[in-house]
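See below for the structure under consideration.
Readers should treat all values here as calculations from the given coordinates under stated rules, not as data from a laboratory. Keep in mind that what you see is a predicted model, and the values were worked out from it rather than measured. Here the Cβ positions follow ideal geometry from the backbone for every residue, glycine too, while neighbour counts run over all protein chains shown.
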Amino acid sequence: MRKVLFAIAAVALLSTTAIPAGAADWEFFGNALFRTYWESADSESRNNTQVVDPATGRAVQFSDDNLQWDRQITGSFGATVQAGDIGGKVNMRILEGSGNVNTTAGNFTEFYGTWDFGPGQLLVGQTLGPVNFFPSRQVGLDDFGLVGLGGLLSFFKPMIQSTWELGPGQLKFALLSPETSNPLNNPFNTPPSWQANSTGGPIDITTYANAAYNDTDTTIPKIEASYQFNFLSHSLWFGGGYQTYDEVTVVNAGGVYSEQSTGIDSYILGLGWLTNWGPFYFNGDVMYGQNNDQYQMTFQQGDDSAYYNPATYEIIDNTSFGFTLVAGWKFNDMLSIEGGYGWLRHQLSGLYTNQNGGVFNDPEDDMQMAYIQVPVTLAPGMMIIPEVTYYDHGKNEISPRTGTGISEDEGSTWYYGAEWKISF
């Protein structure tokens, strides 16, 4: 207890001596968002619950309609501070459905300090890393912004980042915390067990959340970098990231146990643009990646995980390719219109047997989304954004839910309603 009190006192002393009283410039901000949406999914939509017919093994589903009447999870409150060359930011969100602050999920999406050292800036803490690019203003699906269908969002992460003003643009380089919380998928319907492998077969410990031997090994941080080139009222953005770690499996060979380490590499590459032609703008991006689930590209749709074959200790890599196109027109300070389209495909490499026995060569999972919105600004800081979104879940060969193991049409979902936003 004395050590804790001493640490608190030391931090308080440093904070009072490092920044003279009254020198810091604080600016607070906040926004409250509410969604009033109707969601209508057809009978084949993957968003629906299902019942499997034991006689045929096929999923039996019905159409589903739901009202979404709740706050958006993107509402936040925070502040920025600047005291000479030292600055910082804190940004807090109250998560959806929590009713109050959910301390287990981490409400502080941003919490960092910065040091401006002349030609560049050093950032320490948590914020959006270099591989984040937002050409769309879509508000449906919790301010989705097409980030899961061709868009780029690696979300708020702990990192050390440097930013440099280089020529007509800005260069960012960051070392982020490695992420290993998304285990590799197993292509078999029934996970292997100790009993099933007592004769010497491999044991995939990653299928047991609380297994004593579940392990991942990391040696280097996740690496991300980007450069945004600005010219006139336009921007061209390049970004990429890389992560590697080892998944550990326990092998029982005739009663002799050993560890089998399997390396998994994931990366993301992106090209984006923002253009402004007076009242008209045209934005978009193109992305390509490998094992996006293990990289933890946030809100990615579809089956984007690498798969692990416990019989051969091999990784089946999953590559992803997608793009977004967004166009808009601002009629005046009160009224504008925007439409967007996103497309994404995941593809496993080589011959693959899915969990229901279907055999495919380079199986795919694709999907697409389109939306149109008409933002209305009623007063400075007050907006209503009516929007209609169509989500085609596409076809999936990687992990269809039917017992036949064949390629599956995953249906579609409509979202229509509005977001209400007050910024203060």
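If the cut-off is 30 Å between C-alpha atoms, which lysines fall inside it for Lys172, apart from same-chain ones fewer than 8 positions away?
Result set, ordered by chain and number: Lys89, Lys157, Lys222.
Arrange the peptides 223-233, 26-36 so that the one whose residues have, on average, the most other Cβ atoms within 10 Å appears first.
On the way: 223-233: 16.4, 26-36: 14.7.
Highest mean packing first, the order is 223-233, 26-36.
What distance in nm separates the two pseudo spin-label positions at Phe424 and Ile86, each 7 Å out from Cα along the beta-carbon direction?
Here the answer is 3.1 nm between the modelled labels.
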